[in-house]
Amino acid sequence: MIGITSFGAYIPRGRLNRAVAAKTHAWSSPGLMAQARGERAMANWDEDSLTMAVEAARHTLAGRKIDLGAVYLGSTTHPFDDRQNAGVVAAALDLPETVATADFAGSLKAGTAALIAALDRVGAGQAGEVLAVAADRRRARAASVQELMYGDAAAAFTLGSSDVIAEYLGSHSVSTDFVDHYRAAGQPFDYQWEERWLRDEAFQKWLPEAIRDGLARLGVAAGSVDQFMLAEPAPRLAAGVARRLGIADDAVADGLHGTVGQTGAAHASLMLAAALENAKPGQTLVVVGFGQGCDVLAFRVTPAISQLAPRTAVAACLARRKEEKDYARFQAFNDVVTLEKGLRAEANPQTALSAMYRNRRMLLGLVGGRCRKCGTPQFPAALRCVNPGCHHAEEMDPYRFADEPARIKTWSCDWLTYTPEPPAHYGMIEFECGGRFMADITDWDLGQVSVGQSVRMVFRVRGRDPQRGMIRYFWKAAPLATAREA
Amino acid sequence: MAEGIRDKVAILGMGCSRFGERWDMGAEELMEEAFSEALADAGIEPRQIGAAWLGSCMDEVNIGKSATPASVALRLDNIPVTRVENYCATGTEAFRGAVYAVAAGACDIALAIGVEKLKDTGYGGLPGLEIGSMPPLWWPNMSAPGVFAQVASAYMERYKVPRDTLKRALAEISAKSHVNGVKNPKAHLRKPVSCDAIMGAPMIAEPLGLFDCCGVSDGSACAIVTTPEIARSLGKHPDQLVTVKALQLALSNGAEGGYNDWDGSYILTTRKAAQRAYAEAGIKKPREELSMFEVHDCFSITELVTMEDLGLSEDGGAVKDVMDGFYNADGKIPCQIDGGLKCFGHPIGASGIRMIYEMYLQLQGRAGERQLQDPRYGLTHNLGGFPHQNVVGISIVGHYR
């Protein structure tokens, strides 16, 4: 038996109140008020598909010691066209460099494509489990319907052949150049065709046919489907498809439009993760990725799901929520307005790629060292121990700090220095295991940061260099009082 | 066993430019302003100088690299000139180079000159520093107020000082320096400011407001040093001779920023350098023996903890001493009698020498309106870098013998 062995998700805690955004544009686009219900997930300025993927993967791997053979990442918003994004995810997870990595892109199906490829790899008997992650952070023009409807998120699965919580029944894929929207290479925004055509031509014609073929091929009777996750590009399309297929109304999963928004290549995976949170042994799950065709995957939940440790997936992420009522902040984070950033923002040194490579485990994996004599964990690793009572000179054992409990020792919020989100919060972060360093603080609430506060280290964008197109990633401290996470 | 520097080197002359937003001048003209005053004070010609040290920190703005800008601007006689840089402790570093050269007998007369032209950046506050290849990849975008504000968070935590109490003491520190600065014609900021205005100023880095931060200034200061014997041979009266009693430097080795011991509420290196400096100068009870001092008050909180780090206030006792006026001009040990970095201003490379300049004037009875009565020892404290990773230079000067 092969299938899903673990899952996790990540939704940024920022939630844009759609009504606030719609009201801002009501003078020119009163029609947007029709979309003004609920909220959408909104990435922080220092989050992108890659950082969200890392966080979803950490939640998926939490507490499990497994041998990963490959990492696959599906997205339509990979931060890099040429620098393997899945490779950065693997490095942030501090996986051995013998892991195989691949990016899946080019369609909203990229997430399910990565999932199918991962299952195929496991099915082919390759060594180790496979991590399949899907993430998207799609930008949209100000005052567009997409700006309101899109959301940012990631979801991840490990696929393997033992301790399977959802058995893979197989998949069926259809590829058709149905272009309801597209984004050419180098373009920041989607170009969108009329939604009525999408509904009539796809959701009432070829898509139900494709899914029906898939279910038949997989031997799944429509009436036996317990959860139907169709990554619909717009609300209220899945129910009609289910009805045409004979899938029960109450099997149609929540499309998460009111709480998260449409999360692109991550959406099918996010819905599947949400379904797994509440799945019972024996249930049949059907998930459909949509985009220039479709991928249909079917799973049967096994009794092993009841043994799976509690995890951060969709429910926990939905609970970790900060409503954003300031639409200007959303615009700034998504770079859709030209802001005055101040002269201090001009300082932007070149990124030394050779230094970045030498220190890749430090920068991407948050790996420091542990002194072989006194045992003090320290960051960064050095050739001489930092302990004033030791100073032993010998190469250190690698020591990863990413999951170590830590607290804020000193801090300030700084209105002078440049940051995309003033005031810049940073402070001395002290790890309970030993070790400390001056770190950026992210996901803060103004007036809520304090000495002694517990933090979780998170992988984020440290800075962007628009002149050279570089994105510098590193780890930051997220206060746990606001980030209620494991 | 090293003998130390005590009384081996005398100050022959000093000079200091007016500090401030010197839109009219570049670094070259600022250096000349300080240099010509020092030459006249020393009573020597430039060709008598055997070696020189230039201190400048921000070579990214104006001054450029190497010591050639000083050698060229001052038309020095093809002598050895060395540029030194050690963050905001650069001035003391230049002074140290000159003093040690004389003490070693490498030259008879040496020059230390510090200069900074900060106001060619187009914005307020300190310019950003180029910090190498690795730090931008993992350090926060730290500003100077942002890192020193960290000390305040730790101080409040350690001594359970309420924020309002600390803010009030910090305001008193800044207000005192503003009062002192009024009497200094070379100071950048020369207006008294009320504690209420200080506490109500816009926030820069929690809990530091605008008036908790020192002036960002252009300026230059210099010192000409020699041996006490040569100073006498050049006509200086022994009673007027000011000599170096101690000159110490202490640098972080990564412990504060990387090892879980230091609590962030004090500056470790100040404590180390102060102990060594007192020993070198033969000072046993600094709170009784010091007459005056200039500390690196880049921010009010830095001045507060430095009182404790120098052993003048007890740990946790600086708030009370400040509120009691212990460090005011009419207090027991006046601090920042010239206005300090806060109001004299802070042209980085010049500041360490500027502090010594004030102690020198006071010891010679030439401090005008702000002259203190019969000072014996003056201490300067020059701090560069971050509270968790820094450079501290301390000098003690006094009358010869």
field: Model label zone, residue A:383; criterion: amide N under 14 Å from point 7 Å along Cα-to-beta-carbon; scope the stretch A:399-440
entry: none
message: Using the Cα atoms of the stretch A:151-263, I'd like the radius of gyration and the largest Cα-Cα distance, Dmax, both in angstrom.
response: 15.9, 46
message: So if the hydrodynamic radius of the stretch B:107-203 is defined as the Kirkwood radius over C-alpha pairs, what does Stokes-Einstein give as its diffusion coefficient at 25 °C and 0.890 mPa s, in µm² per second?
response: 142
field: Calculated from backbone phi, Karplus (6.51, -1.76, 1.60) coupling profile of the stretch A:12-17 in Hz, x at Gly/Pro
entry: x, 6, x, 10, 6, 6
message: Once the cut-off is 41 Å, how many percent of the Cα-Cα pairs in chain B end up in the long-distance tail?
response: 7
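So for the stretch B:141-197, Kirkwood radius off the Cα pairs, Stokes-Einstein at 37 °C and 0.692 mPa s: how many µm² s⁻¹?
Numbers: Rh = 13.0 Å.
Taking Rh from Cα pairs, D becomes 253 µm²/s.
Looking at the stretch A:8-107, which GluC sites (Glu not before Pro) are in a loop (DSSP not H, G, I, E or B) and have at most 11 other Cβ atoms within 10 Å? Provide the component values of the computation, followed by the final result.
Details: sites: A:39, A:47, A:55, A:97; in loops: A:47, A:97.
Hits after loop and neighbour filter: A:97.
Restricting to DSSP loop positions (anything but H, G, I, E, B) with no more than 14 other Cβ atoms inside 10 Å of their own Cβ, which trypsin sites (Lys or Arg not before Pro) remain in the stretch A:265-353? Write down the numbers at each step before the final one.
Working: sites: A:300, A:311, A:320, A:321, A:322, A:325, A:329, A:341, A:344; in loops: A:311, A:320, A:321, A:325, A:341.
For trypsin sites (Lys or Arg not before Pro) across the stretch A:265-353 that sit outside H, G, I, E and B with at most 14 neighbouring Cβ atoms in 10 Å, the list reads A:325, A:341.
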query: Karplus couplings for the stretch A:52-58 from phi (6.51 cos²θ - 1.76 cosθ + 1.60, θ = phi - 60°), rounded to Hz, Gly and Pro as x?
result: 5, 4, 4, 5, 4, 5, 4
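Which percentage, to the nearest 5, of the DSSP beta bridges contained in chain A is antiparallel?
Details: 71 of 92 bridges.
Counting DSSP beta bridges with both partners in chain A, the antiparallel share is about 75 percent.
At 222 nm, what helix-only mean residue ellipticity would chain A give, in deg cm²/dmol to the nearest 500, using -39500 (n - 2.57) for each DSSP H run of four or more? Could the numbers behind the result be given before it?
Numbers: 12 runs with 103 residues, N = 486.
Per the formula, -6000 deg cm²/dmol.
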- prompt: Any idea which of B:178, A:77, A:237 is furthest toward the positive side of the dipole for the protein assembly as shown, if Lys and Arg beta-carbons carry +1 and Asp and Glu beta-carbons -1?
  reply: A:237
task: Excluding residues fewer than 8 places away in the same chain, name every one of the aspartates and glutamates whose C-alpha is closer than 12 Å to that of residue A:325.
output: A:39
task: For residue A:411, enumerate residues with amide H under 5 Å from its amide H, sequence gap 5+ or separate chain, H modeled in the peptide plane.
output: A:428, B:153, B:154
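Run the dipole for the stretch A:3-333 about the Cα centre, Lys and Arg Cβ at +1, Asp and Glu Cβ at -1, nothing else charged, and hand back the magnitude in debye, nearest 20. Write out the running numbers ahead of the final one.
On the way: 33 positive and 37 negative charges, 163 e Å.
Value, rounded to 20: 780 debye.
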query: Counting other Cβ atoms within 10 Å of each Cβ, which chymotrypsin sites (Phe, Trp or Tyr not before Pro) in the stretch B:1-79 have at most 11 and sit in a DSSP loop?
result: B:23
query: Under 22 Å from the Cα of residue A:109, which lysines turn up, not counting those fewer than eight places away in the same chain?
result: A:205
message: Along each principal axis of its Cα atoms, how long is the stretch A:333-486 end to end? Whole angstroms, biggest number first, please.
response: 54, 37, 27
- request: For the stretch A:49-130, just the Cα set please: Rg and Dmax, both in angstrom.
  value: 12.0, 33
message: Nearest 5 percent is fine: what portion of the DSSP beta bridges confined to the protein assembly as shown is antiparallel?
response: 75
- line: Mean shadow area (nm²) of the C-alpha convex hull around the stretch A:108-154 is 3.6
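Going by the alpha-carbon gyration tensor, a ≥ b ≥ c the square roots of its eigenvalues, is the stretch A:17-84 rounded (a/c under 1.5) or, if a/c is not under 1.5, prolate (a/b greater than b/c) versus oblate?
Working: a/c = 3.87, a/b = 2.38, b/c = 1.63.
In terms of gyration-tensor shape, prolate.
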- prompt: Can you give the three extents of the C-alpha atoms in the stretch A:3-333 along their principal axes, from longest to shortest, in whole Å?
  reply: 58, 44, 35
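What whole-number value in cubic angstrom gives the convex hull volume per residue for the C-alpha atoms of the protein assembly as shown?
Working: hull volume 148.8 nm³, N = 887.
With only Cα atoms used, the protein assembly as shown gives 168 Å³ per residue.
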message: Given the DSSP H assignment, sum -39500 (n - 2.57) over each helix run of at least 4 residues in chain B and divide by its residue total; what's the result at 222 nm in deg cm²/dmol, nearest 500?
response: -10500 deg cm²/dmol
- line: For the stretch B:19-107, shape from the Cα gyration tensor axes a ≥ b ≥ c, cut at a/c of 1.5 then a/b versus b/c, turns out oblate
query: Residue-wise, which Karplus ³J(HN,Hα) couplings in Hz belong to the stretch A:445-453, taking 6.51 cos²θ - 1.76 cosθ + 1.60, θ = phi - 60°, and x for glycine or proline?
result: 10, 4, x, 10, 7, 8, 4, x, 5
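Using the Cα centre as the reference, give the magnitude of the dipole from point charges on the C-beta atoms of chain B (Lys, Arg: +1; Asp, Glu: -1; all else neutral), rounded to the nearest 20 debye.
Here chain B has a charge dipole of around 560 debye.
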- prompt: How far apart, in nm, are the 7 Å Cα→Cβ label points at residue A:397 and residue A:280?
  reply: 4.8
statement: Toy charge model, Lys and Arg Cβ at +1, Asp and Glu Cβ at -1: the protein assembly as shown dipole around Cα centroid in debye, rounded to 20, equals 780
query: Can you give the alpha-carbon Rg of the stretch A:245-286 over 2.2 N^0.38 Å, where N counts its residues?
result: 1.23
- prompt: Under the classification rounded if a/c is under 1.5, otherwise prolate if a/b is larger than b/c and oblate if not, where does the stretch A:251-380 fall, given a ≥ b ≥ c as square roots of the Cα gyration tensor eigenvalues?
  reply: oblate
statement: Sorted largest first, the C-alpha extents of the stretch B:29-185 along its principal axes in whole angstrom are 57, 44, 35
query: What is the gain in length, in nm to one decimal, between residue A:200 and residue A:62 on full extension, counting 0.36 nm per residue of separation less the C-alpha to C-alpha distance?
result: 45.4 nm
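Evaluate the relative contact order of chain A (contact order divided by residue number), counting alpha-carbon pairs under 8 angstrom at least 6 apart; express in whole percent. Working shown, then result.
On the way: 1148 pairs, mean separation 81.9, N = 486.
Reported relative contact order: 17 percent.
Taking the Cβ of each residue in B:143, A:354 as the centre, tally the other Cβ atoms inside 10 Å and list the residues starting with the fewest. Show your work: numbers first, answer last.
Details: B:143 24, A:354 8.
Going from least to most buried by this count: A:354, B:143.
Above 18 Å lies some portion of the pair distances; for the stretch B:301-346, what is it as a whole percent of all C-alpha pairs?
The answer is 24 percent, as a whole percent.
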- prompt: Remind me, relative contact order of the stretch B:299-374 in percent, using alpha carbon pairs under 8 angstrom and six or more residues apart?
  reply: 14
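Any read-out appearing in this document is the output of simple, stated calculations on the displayed coordinates, not a laboratory observation. Here the structure is a predicted model, which is why all the values come from computation and not from measurement. As a convention, Cβ positions derive from the backbone with ideal geometry for all residues, glycine included, and neighbour counts pool all protein chains shown.
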